[in-house]
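Working notes, beginning with the structure itself.
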Amino acid sequence: MKAIVIRTWSDPGALSVHEVAAPVAGEREVLIRVRCAAVSHSLSLLIAGKYQRKPALPFIPGNTAAGEVVATGSAVRCIRPGDRILASLESGGLAELAVAHEHNVYPIPAGMPFDQATTLNASYNSVAAALTWPHLLALQPGQSLLVTGAAGGVGIAAIQIGRLLGARVIAVAGSPAKRARAIAEGANQAVDSDPATLRDAVLRANGGQPVERAMESIGGATFTQVLRCLAPEGRVLPIGFVSGDIPDIPANLLLVKNITVCGLYMGYYKIDARTEHAGRMQALFAQLGRWWEEGRIRPLVGGRYRLEQTPAAFAQVLNRSNVGAVVIEP
């Protein structure tokens, strides 16, 4: 089969397609014909050896794939060949075939396109957990939600889910076109992302009041300014650092304003502790599927590439020109 193979840590622009042996499903695994796989900033870090996880070389990158089940292991009972599914993978998504543990395979609605299905694992699952789980943002109706990087895949998911939960959403994006897209996706207000003016712009957009919740994906100076936008007892969840600058958190602001910074690594729930949290994750993806069927979330795919075009897909993500998700269709 064709696959992207990482033999040494490298720039995503240097990736190429190789012929490799097809994988075989283990006892509790599922073999998938990949119709669509997700590309993200975090995946670029993994390929470059800069992520918190470092798989043993060589490996096939890709932690999200949607497609049809080809075969199942002998102990798999609830998944059958031919099922249309979404899978969370430890690796292997950027290929024509991939294997996933049965706990990490989720059915998708009958009419959902595979490219939209990938967004449920690439962005919507993290956003839904961040906004609804009690120990994280626990967003309530009527609260204000600040979303940075609002035109990217995670940002659009946060706008849509924030609105359906009843929040007032203020989007932060770096160009007029991206701010217009954020408004079209449901944001109440959209402001420029310049850290020098961000706090004042957010206060104006929120009627002179600080915000109660924030999802922050840029990092660096933007994160620090988001802390200054928060109301007393506000909560912020950093969900990425696309600027490449991981911020140092000024603890004095947390103390003075009683602010909570929430951490969320979905890989813990889906991979590290998959058996313990399998029911929780199945329920989360089932909820996303229902929201899609009800028309309450509308995943936006802003870039589609063939496997041979994987370097171009990463370029679109890394230069931050994408609006919505970027996917590979093997």
Test V226 against the stated conditions and say whether it is open to solvent by less than 40 Å² (accessible area, probe 1.4 Å), modelled with pLDDT of 95 or more and either over 24 Å from R168 (Cβ atoms) or of a type outside the set (D, E) (or both).
-> yes
Residue satisfying condition, being touching a helix residue (DSSP H, G or I) at 6+ places or on another chain (Cβ under 7 Å) and closer than 17 Å to R298 by Cβ, within set A184, A171 | A171
How about segment 285-315: which of its residues are over 21 Å from L94 (Cβ atoms), outside any loop (DSSP other than H, G, I, E, B), open to solvent by 20 Å² or more (accessible area, probe 1.4 Å) and not polar (S, T, N, Q)?
-> A286, R290, W291, W292, E293
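Looking only at segment 263-276, decide whether some residue is outside any helix (DSSP H, G or I) and crowded, with 16+ Cβ neighbours inside 10 Å. Give the derivation first.
First, pick out the residues of segment 263-276 that are outside any helix (DSSP H, G or I): 263-265, 273.
Adding the requirement that they be crowded, with 16+ Cβ neighbours inside 10 Å leaves 264.
Yes, segment 263-276 has at least one match.
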Across segment 8-34, what is the total count of residues that are closer than 20 Å to A66 by Cβ, out of contact with any Ser or Thr (no Cβ under 9 Å at 6 or more places or on another chain) and open to solvent by 50 Å² or more (accessible area, probe 1.4 Å)?
-> 2
State whether the residues of segment 204-217 include one that is at pLDDT 95 or above, out of contact with any strand residue (DSSP E or B) (no Cβ under 7 Å at 6 or more places or on another chain) and β-branched (V, I, T).
-> no
In segment 66-115, the residues that are small (G, A, S) and surrounded by fewer than 17 Cβ atoms within 10 Å (Cβ to Cβ) | A71, S74, A75, G82, A110, G111
Pick from segment 125-152, criterion open to solvent by 10 Å² or more (accessible area, probe 1.4 Å) and within 13 Å of M215 (Cα to Cα), ranking: nearest to the chain's Cα centre (by Cα) = S126
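The values are calculated or read from the model by the stated rules, or taken from the named source; none is laboratory data. All values derive from a computational prediction rather than experimental measurement. As a convention, Cβ positions derive from the backbone with ideal geometry for all residues, glycine included, and neighbour counts pool all protein chains shown. When the accessible area is computed, the model is the full protein with side chains, heavy atoms only, and any ligands, DNA or RNA have been set aside. Shrake-Rupley method; radii C 1.70, N 1.55, O 1.52, S 1.80 Å.
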